[in-house]
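The values are calculated or read from the model by the stated rules, or taken from the named source; none is laboratory data. These numbers come from a predicted model, not from an experiment. Methodologically, a virtual Cβ is constructed for each residue, glycine included, from the backbone with ideal geometry; neighbour enumeration extends over all protein chains shown. Surface accessibility is based on the protein's heavy atoms, side chains included, excluding ligands, DNA and RNA. Shrake-Rupley method; radii C 1.70, N 1.55, O 1.52, S 1.80 Å.
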Amino acid sequence: MADSQDDTMADSQDDTGPFLPPTISPPVLLSGASQTYFSPVPPQLLVDNTPCCLGVDEAGRGPVLGPMVYSAFYLPLTLSDPLLKQKHSFDDSKVLTPAVRLSLMKELCTKETELHDNCGYATSSLSPLSISSGMLKASKSQIYNLNQQAMDATIELIKGIYKRGVNVTDIFIDTIGQPAAYQKKLERVFPTAKITVAKKADSLYPVVSAASVVAKVTRDIALEVLWADRSKQMRKRKREDEAGVEKRAKLERGDVTGTTGTNGSDAMDADEPSQTQAESPEGAEKEDEEEVDEEEGETNEAMAWGSGYPSDSKCVTWLKQNMHPVFGWGPECRFSWGTAKDMLETKDGVKVDWPEEEEDEETQKLTDFFMAKRDSSEENVDELGTWFGAPAGVECF
């Protein structure tokens, strides 16, 4: 179930640190849960009941790593072209550079800017865990496929914006698949709106272009947050492994580490700092500087898993090198993707046999009511002999 973030939270950010849009909650992201966010509605849209257009687009449908993010963007109908297309040059997010996308998102999240004061948006970030758990059901009838998850995310975003009092009259949606069938489904859910579903809508309608930018920036930064956490875990594991190797080497050399001293206490390794040294401001400051240097190095280094797409050789290489034989990967991976499934089943993964659930013994089929019941002593009784009732003997006449 998706965690919903309150739209009353601040949507502008302090400039002292890396930009983190309000569409991302790191604790929720790292927990493996999905999350939704609705920005505050510009007050004048509610006061004037201004007719608005709304666009929906997604980012991250195909990757094996990271969330799939759906975004809905809305603003007054009359401002769509002048504000988005002509003044800010919104376009398909794939056409814009990362720097341009980030700049537009920052302005959208900054108070007292034209974009912030006239536009609203919402996102639904479907986590890899949520996507995979829906697609990997034991029974085919229970499978929650990606198309249905995408449709439900779109509907919930639009419903949430209507619920907040926005007068949406025109809806534009980018689609993968058959636009006509998708449009008919949405027209049944939102009969009062004029709905247009089209392929490449993110390059045709500015409001969809804006939605694509919000979705793309949200996904990109979510990947950075996931990578930072994964890198931190990898560095910690590396330090622990190195410490273990060093300790074993010392024991093999016959060092006194871990042996009892003459005063009855454990002898302290000469290479290890004393408690006084470790607790001193200078020692703590040195450790902090080393940690910061490591983190800055990881930040400046490009994400080793690349774009997260199965077609990216860097992504495939990273998956192979960082796969746990039992648990696979962390909250960044979609286990339902063929790339991940094949590695777990064919590489060094441990084969797991899941027991099938036994059917309820009391469950009966409809045909059971039309089958004659036999006792063990009546093996040769004709099945049709009792169809119209019990046979009558001569004593009845």
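For this structure, a couple of remarks:
- The condition of being surrounded by fewer than 20 Cβ atoms within 10 Å (Cβ to Cβ), modelled with pLDDT of 95 or more and within 16 Å of Leu204 (Cα to Cα) holds for Pro82.
- Candidates Tyr74, Tyr70 - the one that is more than 23 Å from the chain's Cα centre (by Cα), crowded, with 24+ Cβ neighbours inside 10 Å and not aliphatic (A, V, I, L, M): Tyr74
- First in the range 183-194 and without any contact (Cβ under 8 Å) to a residue 60 or more places away in the chain and closer than 14 Å to Leu54 by Cβ, second anywhere and among the aliphatic types (A, V, I, L, M) and assigned to a helix (DSSP H, G or I), Cβ under 7 Å, 6 or more apart: Val189/Ile155; Phe190/Ile158
- If you filter the range 98-118 down to residues that are under 25 Å from the mean Cα position of the chain (by Cα) and touching a residue at least 40 places away in the same chain (Cβ under 8 Å), you find that the one that is farthest from Pro51 (Cα to Cα) is Pro98.
- Hey, Arg101 charged (D, E, K, R), modelled with pLDDT under 95 and on the phi < 0 side of the Ramachandran plot or not: no
Here is a yes/no grid of residues against (1) in contact (Cβ under 8 Å) with a residue 40 or more places away in the chain; (2) touching a Gly at 6+ places or on another chain (Cβ under 7 Å); (3) open to solvent by 60 Å² or more (accessible area, probe 1.4 Å):
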{"residue": "Gln148", "(1), (2), (3)": "no, no, yes"}
{"residue": "Ile155", "(1), (2), (3)": "no, no, no"}
{"residue": "Leu226", "(1), (2), (3)": "yes, yes, no"}
{"residue": "Gly244", "(1), (2), (3)": "no, no, no"}
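- Residue match in the range 164-172 (condition: assigned to a helix (DSSP H, G or I) and not polar (S, T, N, Q)): no
- Some residue of the range 142-155 being over 20 Å from the mean Cα position of the chain (by Cα) and of a type in the set (D, E, K, R): no
- Test for Gly165: is it at positive phi, in contact (Cβ under 8 Å) with a residue 60 or more places away in the chain and open to solvent by less than 60 Å² (accessible area, probe 1.4 Å): yes
- Any hit, the range 203-212, residues being of a type in the set (Ser, Thr, Tyr), open to solvent by 30 Å² or more (accessible area, probe 1.4 Å), at pLDDT 95 or above and touching a Cys at 6+ places or on another chain (Cβ under 9 Å): yes
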